[in-house]
Amino acid sequence: MRMSITFNTTTPEFLNPTYPSITPRRIVIVGAGVVGTATGNAMLGLGHEVHFVDTNPATVCRLLNEGKQASVKMLPPEGDSIVLVCVPTPSNGTGFDLTLLTAAVSSIGHSIARGSGSHIVAIRSTVAPGTTDRLVAGLLRSELDRSTAQVVVASTPEFLREASAALDAVCPTVTVIGSRSAYAREELQALFLPLGGDMRIFDTTTASELVKIVHNCFNATKISFFNEVHKIADLFGIDGDTIGEVVVRSAEASTNPDYGIRGGFAFGGHCLPKDLDGMIGFATAAGLATPLLEAVRTVNQSFTTVEVHA
Ligand SMILES: NC(=O)c1ccc[n+]([C@@H]2O[C@H](COP(=O)([O-])OP(=O)(O)OC[C@H]3O[C@@H](n4cnc5c(N)ncnc54)[C@H](O)[C@@H]3O)[C@@H](O)[C@H]2O)c1
């Protein structure tokens, strides 16, 4: 369901929208960087009570100077709350480095354990599938051992673009929510619904986490594909941009969102295998390696059942 949003355009970053009435909730944003600040400001714009937590004192100082609630440590929440975890999850070369996430979640658990009420701890950072159910839930369980506070975990990854973070946070194209808890799913849905955009709800955190990584890998693959096309076009002294601009309009893979997304099939038909071989062939003959196209052929050969495309 979409709801209309009226922006007050007198603010430079359109951060002061007027929304339909909402039930204000207590939101704690842990990690007030690009994602945390944009998410927290969007929640403030909706009329929620938002408290930012960031281990960097300079960030906390800036937020306090802006008139926002902020601290370097999470305070024991009074009443129910929704905690959105937005800390960095950098690469360690072989996967995600979860050191900061682990520290943040342990400290959230420690703080919640000293209070009462019902709390949703939702991971907004990008993590590997299974992280919330295994690592996050496990850490919280051990911190909350003898506490009366109730906690459920959820995943609601962020899809904003860094260059337009503030606007993307108040106008998301898609919101993805995953949790085994119906309470968490309903609460998070109510939280993000007024912002509009597609809302996709999963009954596991793992599916929600996977969507976000697949989303980024899809973008990465498209960029890499056209980089390879550029090199091939260079062989002929052609500007690869002019080729890409036509192909994104002519290829059904680009114009039809449902094309090719059913997994488990090799591509077949008259043209795709033949033309892939042809492209790899003439690039190789010209001395140009095409590792992505080679990988496309290898992946396709690993499936036996054929789905016919043109
Ligand atoms: N930047 C983007 O465009 C973008 C978009 C979508 C998703 N993401 C993902 O969101 C997550 C956050 O990214 P970001 O770009 O906002 O990071 P960032 O570096 O801009 O901000 C992270 C903040 O977390 C704080 N922090 C670190 N450890 C903490 C802890 N233990 N407790 C509290 N605060 C702590 C840091 O001081 C910093 O202010 C990452 O997983 C990233 O992959 C980023």
### Message
Looking at the range 256-273, can you tell me whether even one residue there is in a helix (DSSP H, G or I) and over 30 Å from Val127 (Cβ atoms)?
### Response
yes
### Task
Determine whether Arg124 is among the charged types (D, E, K, R) and within 13 Å of the ligand (Cβ to nearest atom).
yes
### Query
Hey, among the residues in the range 203-234 that are touching a helix residue (DSSP H, G or I) at 6+ places or on another chain (Cβ under 6 Å) and without any contact (Cβ under 8 Å) to a residue 40 or more places away in the chain, which one's surrounded by the most Cβ atoms within 10 Å (Cβ to Cβ)?
Val229
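Which one of these is in contact with a Leu (Cβ under 8 Å, 6 or more places away or on another chain) and within 13 Å of Thr55 (Cα to Cα): Ile120, Ile108? So that I can check it myself, show each step before the final result.
Details: Ile120 fails: within 13 Å of Thr55 (Cα to Cα).
None of the other options fit; the residue is Ile108.
Filter the range 127-138 down to residues that are outside any loop (DSSP other than H, G, I, E, B) and away from the ligand (no atom under 12 Å from the Cβ) and give me whichever is nearest to Val211 (Cα to Cα). If you could, list the steps in order and put the result at the bottom.
Our first condition is that a residue be outside any loop (DSSP other than H, G, I, E, B); within the range 127-138, this holds for 131-138.
Cutting the leftovers down to away from the ligand (no atom under 12 Å from the Cβ) gives us 132-138.
Working: Thr132: 14, Asp133: 15, Arg134: 18, Leu135: 19, Val136: 18, Ala137: 20, Gly138: 22 Å.
Going through the qualifying residues, I end up with Thr132.
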## Note on the structure
Reported set for the range 21-41 where residues are in contact with an Asp or Glu (Cβ under 9 Å, 6 or more places away or on another chain) and either of a type in the set (Gly, Ala, Ser) or without any contact (Cβ under 8 Å) to a residue 12 or more places away in the chain (or both) is Gly31, Ala32, Gly33, Gly36, Ala38
### Query
What number of residues within the range 61-76 satisfy the criterion of being near the ligand (Cβ under 9 Å from one of its atoms) and surrounded by 15 or more Cβ atoms within 10 Å (Cβ to Cβ)?
1
### Test for Ala128: is it within 19 Å of the chain's Cα centre (by Cα) and either crowded, with 21+ Cβ neighbours inside 10 Å or modelled with pLDDT of 95 or more (or both)
yes
### Query
Out of all the residues in the range 90-120, which are crowded, with 16+ Cβ neighbours inside 10 Å and touching a helix residue (DSSP H, G or I) at 6+ places or on another chain (Cβ under 6 Å)?
Val105, Gly109, His110, Ala113, His119, Ile120
### Task
Just need a number here: residues in the range 268-278 that are more than 34 Å from the chain's Cα centre (by Cα) and of a type in the set (A, V, I, L, M, F, W, C).
1
### Message
With the structure loaded, tell me whether Leu293 is in contact (Cβ under 8 Å) with a residue 60 or more places away in the chain and in the same structural domain as Ala128 (by TED's automatic domain parsing) or whether it fails that test.
### Response
no
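The values are calculated or read from the model by the stated rules, or taken from the named source; none is laboratory data. Note that the structure is predicted; figures quoted are calculated from it, not measured. Glycine gets a Cβ as well: all are built from the backbone with ideal geometry, and neighbour counts include every protein chain shown.
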